[in-house]
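Inspection log for the structure reproduced underneath, given as structure tokens.
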Amino acid sequence: MKISIILGTRPEIIKFSPIIREFERLGLDFFILHSGQHYSYNLDRVFFEQLGLPGVRYNLDVGSGSHGLQTGKMLIGIEAVLKREFPDVVLVQGDTNTTLAGALAAVKLHIQVGHVEAELRSYDRSMPEEINRLLADHCSDLLFAPTEKSRRILLGEGFSEDRIFVTGNTVVDALYQNLKLAEGRKDILKNLGLKEQGFFLVTIHRQENVDDKNRFSRILDGLELVSGKFGLPIIYPVHPRAERRMREFGLKPKGVRMIKPLDYLSFLVLESRARLVLTDSGGVQEETCILRVPCVTLRYSTERPETLEAGSNILAGAEPEAILEKVEIMLSRKRDWPNPFGDGKAGGRITRILLSKFEERD
Ligand code: UD1
Ligand code: UDP
């Protein structure tokens, strides 16, 4: 069995890391194809180094651009690599343009596709991620659904039962594998002058939030309200998309401390010690649920309804008063919710499924 792992962005590197570790442990024949969607050191290389991941065999260096341009460049590059390598199976993860390009290039070459973190519907088709995951699911032969709820939704959409495997989400594996290591980065608290439970952590990077001047500005006003009310530091590691938009729109957040995007271990330290997290990130909604840290999601919908049901997360949207109100609600909740995303063994499960499907053919 020869496997091609296709990735290109920060969350894909993190969520693929447990699978890559398992492949290495078992000495499987695999290679990594990086689209080059993320290329800045602190969105890309730092994660390979910190997670001890092997080098990539191909990097397409597609860089940034409009959706069509970026996805088109990826399709061309990925097809060329797949024609050369002809793996038995291509693995993609999540819902980025890299995910879509990888799945589409492979299925057109009649190569089997496995989609890690399949399903996840927000039912908001204005999100590029919603289109990417819908299409990636339809290109895939193996749908690795994180939860039982995901499986039911896929069945409801007409996906046949034999294509769906409930594995848990590899975000849990990555978290469990790295939490102890993160203790080595605890100095970040001291360096930023923060006390455990004495600060809020924020991440905002979604296109629908930061590319809209009004909406981004209202969210930042919300943070200012929160800062005024609680008097706690608000730490915001700024994603480059958000940084660019802030500059373009001339937005100057008040009551918010902006820092560069963090490496994974340092981010985990802050995330696990924060009094509360405000975010529009998918992975952060999951991680806060697992870590039992209250989360306020700065969006009107989520593809992680499990977190709402568990009680770890609440949707605030983008209006300042609503953001403040939802922070107050979440601060009053007991942090005793269950983790719906699995037992941290998703990587092993996915590997075993691949072995059972592809080794028998050899
Ligand atoms: C992408 C994914 C999003 C995911 C996010 C993870 C899509 C459609 N979006 O969004 O689902 O949540 O990654 O972080 O695939 N930039 C840099 N350095 C980089 C990469 C980007 O400076 O290494 C800047 C560029 O100005 C670029 C902008 O960030 O135009 C956006 O990058 P892009 O990859 O298009 O989308 P993300 O917002 O990162
Ligand atoms: N993350 C990180 N450093 C940061 C912000 C986030 O390492 O400064 C990690 C976080 O722990 C999570 C992942 O990046 O695992 C989430 O990625 P992102 O929010 O970019 O994408 P999404 O999950 O929304 O697709």
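Summary table
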{"item": "Overall Cα dimensions of segment 153-214, principal axis frame, Å, largest first", "result": "53, 40, 16"}
{"item": "Sulfur and carbon atoms: percent of accessible area, segment 260-362 [1.4 Å]", "result": "50"}
{"item": "C-alpha long axis of helix 240-249 to longest principal axis of the chain, angle in °", "result": "50"}
{"item": "Choice from 217, 227, 332 showing the highest fluctuation, given a GNM over the chain with Cα pairs closer than 10 Å", "result": "332"}
{"item": "Residue 108-residue 76 pseudo-label distance in nm [points 7 Å out on the Cα-to-Cβ vector]", "result": "1.2"}
{"item": "Cα long-axis angle, helix 213-230 against the chain (0 to 90 degrees, to the nearest 10)", "result": "50"}
{"item": "Radius 11 Å from Cβ of residue 30, net charge of other residues (Lys, Arg +1; Asp, Glu -1)", "result": "-3"}
{"item": "Extension gain (nm, one decimal) between residue 321 and residue 125, 0.36 nm per residue minus Cα-Cα", "result": "67.9 nm"}
{"item": "Debye intensity ratio in log₁₀ form over the Cα atoms of segment 125-255, taken at each q of 0.14, 0.17, 0.18 Å⁻¹", "result": "-0.94, -1.05, -1.06"}
{"item": "GNM result for the chain, Cα springs below 10 Å: residue of 35, 301, 150 fluctuating most strongly", "result": "301"}
{"item": "Rg/Rg_ref, the chain, where Rg_ref = 2.2 N^0.38 Å and atoms are Cα", "result": "0.96"}
{"item": "Accessible area of the chain divided out per residue, in Å², using a probe of 1.4 angstrom", "result": "40"}
{"item": "Spacing of the two label points (7 Å from each Cα toward its C-beta) at residue 329 and residue 157, in nm", "result": "2.7"}
{"item": "Accessible-area composition of segment 153-237, carbon plus sulfur, in percent [1.4 Å probe]", "result": "48"}
{"item": "Karplus 3J(HN,Hα) series, Hz, for segment 46-62 with 6.51 cos²θ - 1.76 cosθ + 1.60 (x for Gly, Pro)", "result": "4, 6, 4, 5, 5, 8, x, 8, x, x, 8, 7, 9, 10, 7, 6, 5"}
{"item": "Cα long-axis angle, helix 128-139 against the chain (0 to 90 degrees, to the nearest 10)", "result": "20"}
{"item": "Restricting segment 262-362 to GluC sites (Glu not before Pro) in coil, as DSSP defines it, with at most 15 other Cβ within 10 Å", "result": "359, 360"}
{"item": "Fluctuation leader among 205, 110, 239 - the chain, Gaussian network, Cα springs under 10 angstrom", "result": "110"}
{"item": "Per-peptide average of other Cβ atoms within 10 Å, ordering 229-236, 340-347 highest first", "result": "340-347, 229-236"}
{"item": "Förster radius 35 Å - calculated FRET efficiency between residue 195 and residue 40 (Cβ-Cβ, nearest 0.05)", "result": "0.70"}
{"item": "Per residue convex hull volume, Cα atoms of segment 266-349, in Å³", "result": "95"}
{"item": "Modelled FRET efficiency - R0 30 Å, residue 186 with residue 225, Cβ distances, 0.05 increments", "result": "0.50"}
{"item": "Amide H within-cut-off set for residue 113, under 5 Å, with H built and near neighbours excluded", "result": "90, 141, 142"}
{"item": "At R0 = 45 Å, FRET efficiency that the Cβ-Cβ distance of residue 308 and residue 49 yields, to 0.05", "result": "0.80"}
{"item": "Amide H within-cut-off set for residue 2, under 5 Å, with H built and near neighbours excluded", "result": "88, 89"}
{"item": "Overall form of segment 191-264 per C-alpha gyration tensor (a/c, 1.5; a/b vs b/c)", "result": "oblate"}
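The values are calculated or read from the model by the stated rules, or taken from the named source; none is laboratory data. Not measured: the values here are computed from a predicted model. As a convention, Cβ positions derive from the backbone with ideal geometry for all residues, glycine included, and neighbour counts pool all protein chains shown. We work out accessible area using only protein heavy atoms, side chains counted, and drop any ligands, DNA or RNA first. Shrake-Rupley method; radii C 1.70, N 1.55, O 1.52, S 1.80 Å.
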